[in-house]
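Student: Shown below is the structure under consideration.
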Amino acid sequence: MVVVPGFWLEPNEGGEKQSGDSVGSVSDVGIAVLDFGSQTAQLIVRRIRELGVYSELFPYDVAEATIRSFAPWGIILSGGPASVYEPGAPPLPSWLHATSLPVLGICYGFQRMSLEGGGRLCRLAAANTGPRRFRLRQAKTPCLPGPPANNRSG
Amino acid sequence: MSHGDHIEAIPPGFVPLAQTETTPFAAGGDPARRWYGVQFHPEVRHTSYGREILRNFVLAVCGCPGTWQPSHFVSQAVERVQSQIGQQQAICALSGGVDSAVAALVVHQAIGERLTCVFVDNGLLRQGEAEEVIATFREHLHVPLVAVDATDEFLSALEGVTDPEDKRKIIGERFVRVFEREARRLGDVQFLVQGTLYPDVIESRAPDRARGATIKTHHNVGGLPADMRLKLVEPLRYLFKDEVRAAGVELGLPDEWVWRHPFPGPGLAVRILGAVTPQRLEIVRQADALFIHELKTANLYRACRQAFAVLLPVQSVGVMGDGRTYAATIALRAVTTEDYMTADWSRLPYEVLARVSTRIVNEVRGVNRVVYDISSKPPATIEWE
């Protein structure tokens, strides 16, 4: 089954690419990356393109209409230097909560997603920096790779 | 992992997917809603399976077809340029680098003879570059090319200027003025083509970034005067460097152009720390030419993604023959990088460094010391200014 690009659109409008500043044909539109300020935000865009999927970086507070005209298949929330508890820490755009698009949060993006979704965070005494081994808690998930279970994270 | 925060309880609907010794929710997700999260960086190379995580999300979860290629971009860019320029005229700012060459080829494909390329010799180019650029473009592009020698104009504007940001702003502004003058001479030209790349666009809209500081003003973008009267055409503004190279190959650009090391818009002015004078330009130009020649001879030019000489504002004592010298220092910089966002210094063989150093000190008047830059990016940048 092919997922209809632009999940906000009604099915009968699906696939209709509105004219925007970015790319042309629907099959070339892929992933919108929202930039929460991480230096590696544009690396995400590059990696996605290396997978044969077009991607662009948008400011974290991008207007819904801009994303709508980009018509992505999914959204990635980048990392960022802020702590979610800092005053003025960038929030998720409000339209994101209503989207039916798949979303992947990375670091700050995931933490913000957790906070706004009703989860709880705590502040570590020492920053959790550098390589760590991680272990899968659930073998089967479409998002994470299967075994080997011990992976190195950056 | 690079955060002071961590998730203690994931939101309702989410299930834990991975953990570390210190983080109970290194990854989690709400499969029904197709929301996932990781508390590490799958986009950096040293994260194992990072690529797989991104691939799973993009292809399996989002269902993207995965058929996009940088070459698709060429036909789209051509169409976009056609609709932007219509029946009007454009001039293209050729720098001699791969970006402006590919931008010119895209626009030439879009509007043909209505594009005129303008090459400004700002006096800040590498040895032999101006002659080579003119010859190669006339041969390969077959588009009208106007070559302007504006050396005096640039050098007098830069007289006594030592601040790198000032240099960039002055040079960017001069560039635009010269182009405007040429455009007026050509008649009814409305558009200026520039080879601005995606990272420049992202970096220069730094105010959008939550806390990302402006690292450098890119002369293609940030240094443009507000009253510029030509409209900008930037056909590469969504591409990364390696994608531009792929597009260049697609457009038939010769290999030597495609693989040319990046050269900053402000040219040698930002490879001379301190004031830019004709004498200091000659020193850095000669040293740079020797360095690049030796790298090519040793077959290391391609492996270094960027290599150059920098003239430091440092004089030191030396001894040459029987005499004491008090002369300038050249820093050599060579980096390996995948994307120019992070870079490591090239582990050049000692023999190559020795040969370069000996040749520079012996052949370039006014230099008695050569040092090699062993800083990576970050924390340093590739260029020194």
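The values are calculated or read from the model by the stated rules, or taken from the named source; none is laboratory data. Just so it is clear, the model here is predicted, and its values are computed rather than measured. Positions of Cβ are generated from backbone atoms using ideal geometry, with glycine treated the same way; all protein chains shown enter the neighbour counts. Calculation scope for accessible area: heavy atoms of the full protein, side chains included, ligands and nucleic acids excluded. Shrake-Rupley method; radii C 1.70, N 1.55, O 1.52, S 1.80 Å.
Student: Rounded to the nearest whole Å², what accessible area per residue is found for the range B:245-385 with the 1.4 Å probe? Let's see the in-between values first.
Tutor: On the way: 6370 Å² over 141 residues.
Counting only protein heavy atoms, the per-residue value for the range B:245-385 is 45 Å².
Student: Roll a 1.4 angstrom probe over the protein heavy atoms and tell me the percent of accessible area of the range B:36-83 that is carbon or sulfur. If you can, show how the numbers build up before the last one.
Tutor: Numbers: 890 of 1800 Å².
So the carbon and sulfur contribution to the accessible surface is 50 percent.
Student: Evaluated at 10 °C with a viscosity of 1.306 mPa s, what Stokes-Einstein diffusion coefficient in µm²/s does the range B:260-385 have when Rh comes from the Kirkwood expression over alpha-carbon pairs? Let's see the in-between values first.
Tutor: Details: Rh = 14.8 Å.
D, rounded to a whole number, is 107 µm²/s.
Student: B:T116's amide H: which non-local residues (gap 5+, or another chain) put their own amide H closer than 5 Å, with H modeled 1.01 Å from N in plane and none for Pro or chain starts?
Tutor: Hits under the 5 Å cutoff: B:A90, B:I91, B:C92.
Student: Roughly how tilted is helix B:350-363, in degrees to the nearest 10 and between 0 and 90, from the longest Cα axis of chain B?
Tutor: Between helix and principal axis, roughly 30 degrees.
Student: Then there's this: Under 15 Å from the Cβ of B:V317, count the other residues' Cβ atoms, weight Lys and Arg +1, Asp and Glu -1, and hand me the total. Could the numbers behind the result be given before it?
Tutor: Working: positive: B:R324, B:R369; negative: B:D322.
Result for the local shell: +1.
Student: Treat each spin label as a single point 7 Å out from the Cα along the C-beta direction, and report the B:S376 to B:R181 distance in nm.
Tutor: 4.6
Student: Based on the alpha-carbon gyration tensor of chain B and its eigenvalue square roots a ≥ b ≥ c, which shape applies: rounded if a/c is under 1.5, prolate if not and a/b is larger than b/c, or oblate?
Tutor: Working: a/c = 2.02, a/b = 1.25, b/c = 1.61.
Note, shape of chain B comes out oblate.
Student: Okay, next question. Taking Cα atoms, how many degrees apart are the long axis of helix B:241-250 and the longest axis of chain B, rounded to 10 and kept between 0 and 90?
Tutor: For helix B:241-250, the angle is close to 80 degrees.
Student: Suppose accessible area is computed on protein heavy atoms with a 1.4 Å probe; arrange B:R324, B:R177, B:R302, B:R285 from highest to lowest.
Tutor: B:R324, B:R302, B:R177, B:R285
Student: Let me ask something additional. In terms of the Cα gyration tensor, with a ≥ b ≥ c the square roots of its eigenvalues, is the range B:134-210 rounded because a/c is under 1.5, prolate because a/b exceeds b/c, or oblate? Spell out each step's value before the answer.
Tutor: Numbers: a/c = 1.95, a/b = 1.28, b/c = 1.52.
Cα axes put the range B:134-210 in the oblate bin.
Student: 7 Å from Cα along Cα→Cβ at both B:E165 and B:T22: what's the point-to-point distance in nm?
Tutor: 3.6
Student: Using only alpha carbon pairs under 8 Å that are at least six residues apart, calculate the relative contact order of chain B and give it in whole percent. Could the numbers behind the result be given before it?
Tutor: Values: 620 pairs, mean separation 48.9, N = 385.
Reported relative contact order: 13 percent.
Student: What does the net charge come to around B:T196 if you take all other residues with beta carbon closer than 9 Å to its beta carbon, with K and R at +1 and D and E at -1? The partial results should precede the final answer.
Tutor: Numbers: positive: B:R237; negative: B:D99, B:D200, B:E234.
Net of charged neighbours comes to -2.
Student: Would you calculate the volume per residue, in Å³, of the smallest convex hull containing every Cα atom of the range B:1-111? Spell out each step's value before the answer.
Tutor: Values: hull volume 21.2 nm³, N = 111.
Convex hull of Cα atoms, per residue: 191 Å³.
Student: Using the reciprocal of the averaged 1/r over all distinct C-alpha pairs, how large is the Kirkwood radius of the range B:115-168 in Å? Could the numbers behind the result be given before it?
Tutor: Details: mean 1/r = 0.0795 Å⁻¹.
By the Kirkwood definition, the hydrodynamic radius is 12.6 Å.
Student: Report, by chain and number, residues whose modeled amide H sits under 5 Å from the one on B:V371, excluding near sequence neighbours (fewer than 5 apart, same chain).
Tutor: Long-range HN contacts for B:V371: B:I330, B:A331, B:L332.
Student: Taking H placed 1.01 Å from N in the peptide plane, check which residues at least 5 places from B:V314 or on another chain put their amide H under 5 Å from its amide H.
Tutor: Hits under the 5 Å cutoff: B:T329.
Student: Now for a separate question. Report, in degrees rounded to the nearest 10, the 0 to 90 angle that the Cα long axis of helix B:98-111 makes with the longest principal axis of chain B.
Tutor: With both axes taken from Cα atoms, the answer is about 80 degrees.
Student: Please build a GNM for chain B, connecting alpha carbons under 10 Å apart, and tell me which residue among B:S95, B:S83, B:S48 fluctuates the most.
Tutor: Among B:S95, B:S83, B:S48, the largest GNM mean-square fluctuation belongs to B:S48.
Student: Now for a separate question. Given the options B:P264, B:P24, B:P199, state which has the largest fluctuation in a GNM of chain B using a 10 Å cut-off (strictly under) for Cα springs.
Tutor: B:P24
Student: What is the ratio of the Cα radius of gyration of the range B:67-200 to 2.2 N^0.38 Å, with N the residue count, to two decimals?
Tutor: 1.11
Student: Each label point is 7 Å from the Cα along the Cα-to-Cβ direction; what then is the distance between the points at B:Q279 and B:L353, in nm?
Tutor: For B:Q279 paired with B:L353, the spin-label model returns 3.0 nm.
Student: Could I ask something else about it? Give the average, rounded to an integer, of partner chain Cβ atoms located within 10 angstrom of each Cβ in A:80-89. List each step's numbers first, then the result.
Tutor: On the way: counts 5, 6, 5, 3, 4, 2, 3, 0, 2, 3.
The shielding value for this peptide is 3.
Student: Rounded if a/c is under 1.5, else prolate if a/b beats b/c, else oblate: with a ≥ b ≥ c from the C-alpha gyration tensor eigenvalues square-rooted, which is the range B:73-147? Intermediate results must be reported in sequence, preceding the final value.
Tutor: On the way: a/c = 2.30, a/b = 1.99, b/c = 1.16.
Prolate, since a/c reaches 1.5 and a/b exceeds b/c.
Student: For the B and A pair, go ahead and give the buried accessible area with a 1.4 Å probe, both sides summed, in Å² to 100.
Tutor: Values: alone 20010 and 10160 Å², together 21910 Å².
Interface between B and A: roughly 8300 Å².
Student: Moving on to the next point. Rank these by accessible area, largest first, 1.4 Å probe: B:Y238, A:Y60.
Tutor: Working: B:Y238 20, A:Y60 45 Å².
Largest accessible area first, the list is A:Y60, B:Y238.
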